[in-house]
Structure formats: structure tokens, C-alpha cells
Amino acid sequence: MVSIYGKNGQWKDGSRVALVTGASGAIGKAIARGIAGTPGNEVVLLCRNEMKARQACQEIIQATGNGAVRYEVADVSRWSSIQGLAKRWHGPLHVLVNNAAVTPKRREETPEGIELQFATNVLGYFWMIQAFTDHLRRSAPARVVNVASQWAGDLDLNDLEFRRRRYTNGEAYRQSKQANRMLTVALAERLKPSGISVNACHPGNVNSPLSNNLGFGGSQTPDEGARTPVWLAVSPTGQKVTGKYFDRMQEVRCPFAEDRKAIAALYEACLRFSDA
Ligand SMILES: NC(=O)c1ccc[n+]([C@@H]2O[C@H](COP(=O)([O-])OP(=O)(O)OC[C@H]3O[C@@H](n4cnc5c(N)ncnc54)[C@H](OP(=O)(O)O)[C@@H]3O)[C@@H](O)[C@H]2O)c1
């Protein structure tokens, strides 16, 4: 069988393939557009709603003139849906951007009984990386960009799903964004030997369903909000550096990256959900 990979994991004509989750949303669509607008990139939009996916694809193709934009439909809050996507994926994957997230005002659960923000915002990122590690490894050098937030904190390792605490969407969100930053460190260490970098970033403050649910408007355009994630996805820095947190295209010290015991405990906790 003829290999579909060229030298150094390059795809066919040397272009690179990027997968962006939540790519029909405000920042996700701008990230996908930014990567598609950078020469040499194919982009796959991962959305849960096929109509929105098709519409976003058309918009991005029209805006960038890059015809190598397509979509996949999957629900990142569900392990089985991500597994299905990873199994039907063929060809390389050089860049995975984890961006899809939710902020429901009331506590909700997935059909598997996992609190929805934890399932989508935390496990969704974790499961995507797990499920696509082999694809990324075969395409290395490869990279993962985790869209986190500067609004993060109050993670409770004994109550990750708000079963004991009273649920507020702001608290559950802040916890999930702290977890994104902590898991970035854990996964960067594990994936470094495979030539896969993993970094996290704050995007920008953008008006979106997610931010509106939290009571915020947002002063930046989606393109401004996408600037740092796009830069991590396409620049040499996003490959060279790993396990770090960025804001405005600058590496920023992350206090959550320093608690090694908590990072290990969170990683173990996520592993226990890995066949939910
Ligand atoms: N907006 C801000 O000011 C801000 C600030 C800091 C960080 N962030 C981060 O930026 C990222 C994007 O946020 P945003 O403001 O662009 O939010 P958004 O416009 O609400 O977009 C969220 C996207 O995630 C998708 N999604 C949600 N659950 C999903 C699931 N189970 N499976 C697949 N896709 C799913 C949504 O799909 P549907 O379109 O079908 O709903 C939507 O496309 C998030 O990680 C957020 O934490 C945002």
C-alpha cells in the first residue's frame, strides 16, 4: 500500500491538517478561518450541529479562498462520539485545537450522567487528545492548542462535577478553565517524546453564547479573540514550546502549573472517565 504520508509526516502536497472543535462558535470559527487563511493548511471543522458546520465551512471558504476546508460532526461531551470520529479519521493530523465549551445556567448532565461543563470543557479536551494521539504521533511534529481562559480557579478535586457544591455556571466554568491549564502541563510531558507539543491560551473577550450565559458581553472581535490560538497553531513557537500558557501571544506564568500533586490527581481522575 502506498503511504499517504510524505517525508516528516507531511500530507500529500506538504500541507498541514488542522482540526478545530466548536468551529461554528464565535472564537472557534475565527480560529478555523485564521488557520485556513494561512497558506499550506487544510482545516477540518468539528461541530455538533451539521447545519451550522456546513454554513461555517462555506463562510470560511468564501472568506479565505481556501477550498481545503471541510467538517465533521461529533459531540465532544461524549467519549463514544469522539471515539467514532477518531476511528473514521484517515490521513494525518498536525494541529488539534480544543475550543468547544458550554456554560449552561443550570446543572445538566450528559446521557452518561457526567456534569455537562466538566464533560464538554474538560473531558472533551482530554478525550480528543487521547483519541487523536496516534494520528498526531504519526504526523509529528504535531501540536495541540487548548483554548482556556484567564478567568479560572476554584478547582475542587473532590467535587469535579458539582455534586456536593451548589452549582453556578460561573464557578463550574472557572474550574473547567483551570483544569484545561493543568491538563496542558500533564499532557505536554507525556506527549513530548512523541514530538507533540501541548499549549494553552487565553483567547480574547468576545461576545458569544458562552460569554453571554456568564453575564459578559466582550469587547473584542472574534478575529481578535482568535489571534493567540491561531498563532499557537501556525507559528514555530507553538511547536517549539510545550506545556505553557499564553495570553496576547506572550508566555505567561501560570500558577496552576506549579501544583504537581493536583495536576497528577486531576489527570488520574480524567483517566477514570475514559470509557464513559
Ligand atoms: N468568549 C469569551 O470571551 C472567552 C473568553 C475566554 C475564553 N473563551 C474560550 O473560548 C472558547 C470558545 O468560546 P466562544 O466564546 O467562542 O463560545 P461559543 O460562541 O458559545 O462557541 C462554543 C462552541 O462550542 C460548540 N460546542 C459546545 N458543546 C459542544 C459539544 N458537546 N460538541 C461539539 N461542539 C460543542 C458550540 O456548538 P453550537 O454552535 O452547536 O452551540 C459552539 O460552536 C471556549 O473554550 C471558551 O472557554 C472565551
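The values are calculated or read from the model by the stated rules, or taken from the named source; none is laboratory data. Bear in mind the structure is a predicted one, so any value in this text is a computation, not a measurement. Backbone-built Cβ (ideal geometry, glycine too); neighbour counts: all protein chains shown. Each accessible area value is taken on the protein alone, full model and side chains, heavy atoms only, with ligands, DNA and RNA left out. Shrake-Rupley method; radii C 1.70, N 1.55, O 1.52, S 1.80 Å.
State yes or no: is residue 226 surrounded by fewer than 24 Cβ atoms within 10 Å (Cβ to Cβ), assigned to a helix (DSSP H, G or I) and in contact (Cβ under 8 Å) with a residue 60 or more places away in the chain? Show your work before the answer.
Working: surrounded by fewer than 24 Cβ atoms within 10 Å (Cβ to Cβ): no; assigned to a helix (DSSP H, G or I): yes; in contact (Cβ under 8 Å) with a residue 60 or more places away in the chain: yes.
No, not satisfied.
Among residues of the stretch 91-111 being within 20 Å of the chain's Cα centre (by Cα) and of a type outside the set (A, V, I, L, M, F, W, C), the one that is farthest from residue 30 (Cα to Cα) is 110. Scanning the stretch 26-85 for residues being assigned to a loop (DSSP other than H, G, I, E, B), under 22 Å from residue 211 (Cα atoms) and among the small types (Gly, Ala, Ser) gives a total of 1.
Look at residue 143 and say whether it is touching a Ser or Thr at 6+ places or on another chain (Cβ under 9 Å) and in a helix (DSSP H, G or I). Before you say what the answer is, go through the steps one by one.
Values: touching a Ser or Thr at 6+ places or on another chain (Cβ under 9 Å): yes; in a helix (DSSP H, G or I): no.
In short, no.
Return yes or no: is residue 241 modelled with pLDDT of 95 or more, crowded, with 21+ Cβ neighbours inside 10 Å and not hydroxyl-bearing (Ser, Thr, Tyr)? I'd like the intermediate steps shown before the answer.
Values: modelled with pLDDT of 95 or more: yes; crowded, with 21+ Cβ neighbours inside 10 Å: no; not hydroxyl-bearing (Ser, Thr, Tyr): yes.
Spelling it out, it is not the case that residue 241 is modelled with pLDDT of 95 or more, crowded, with 21+ Cβ neighbours inside 10 Å and not hydroxyl-bearing (Ser, Thr, Tyr).
Which residue is nearest to the ligand (Cβ to nearest atom), if the candidates are limited to the stretch 133-172 and must be small (Gly, Ala, Ser) and closer than 28 Å to residue 192 by Cβ?
Among them, the one singled out is 149.
Screening the candidates 209, 236 for the property of being without any contact (Cβ under 8 Å) to a residue 24 or more places away in the chain, farther than 18 Å from residue 126 by Cα and open to solvent by 50 Å² or more (accessible area, probe 1.4 Å) yields one hit, 236. Among the residues of the stretch 96-121, those identified as surrounded by 24 or more Cβ atoms within 10 Å (Cβ to Cβ) and within 11 Å of the ligand (Cβ to nearest atom) are 97, 98, 99, 100, 101, 117, 119, 120, 121.
When residue 217 is tested against (1) modelled with pLDDT of 95 or more; (2) surrounded by fewer than 22 Cβ atoms within 10 Å (Cβ to Cβ), just one condition goes unmet, and that condition is (1). Across the stretch 44-82, the qualifying residues are those that are in contact with a Lys or Arg (Cβ under 6 Å, 6 or more places away or on another chain) and open to solvent by less than 10 Å² (accessible area, probe 1.4 Å), and the one among them that is nearest to the ligand (Cβ to nearest atom) is 56. Close contacts from the stretch 118-139, counting a first residue that is charged (D, E, K, R) and a second that is not in a helix (DSSP H, G or I), with Cβ to Cβ under 7 Å and a gap of 6+ residues or different chains, come to 137/196; 138/5; 138/92.
Can you work out which of the residues in the stretch 180-222 that are outside any helix (DSSP H, G or I) and hydrophobic (A, V, I, L, M, F, W, C) is farthest from the ligand (Cβ to nearest atom)?
Pass one, the stretch 180-222, residues outside any helix (DSSP H, G or I): 195-208, 214-221.
When the remaining residues are screened for being hydrophobic (A, V, I, L, M, F, W, C), the result is 196, 198, 200-201, 206, 214, 216.
On the way: 196: 20, 198: 15, 200: 10, 201: 9, 206: 4, 214: 8, 216: 6 Å.
Step by step, filter the stretch 180-222, then rank; the result is 196.
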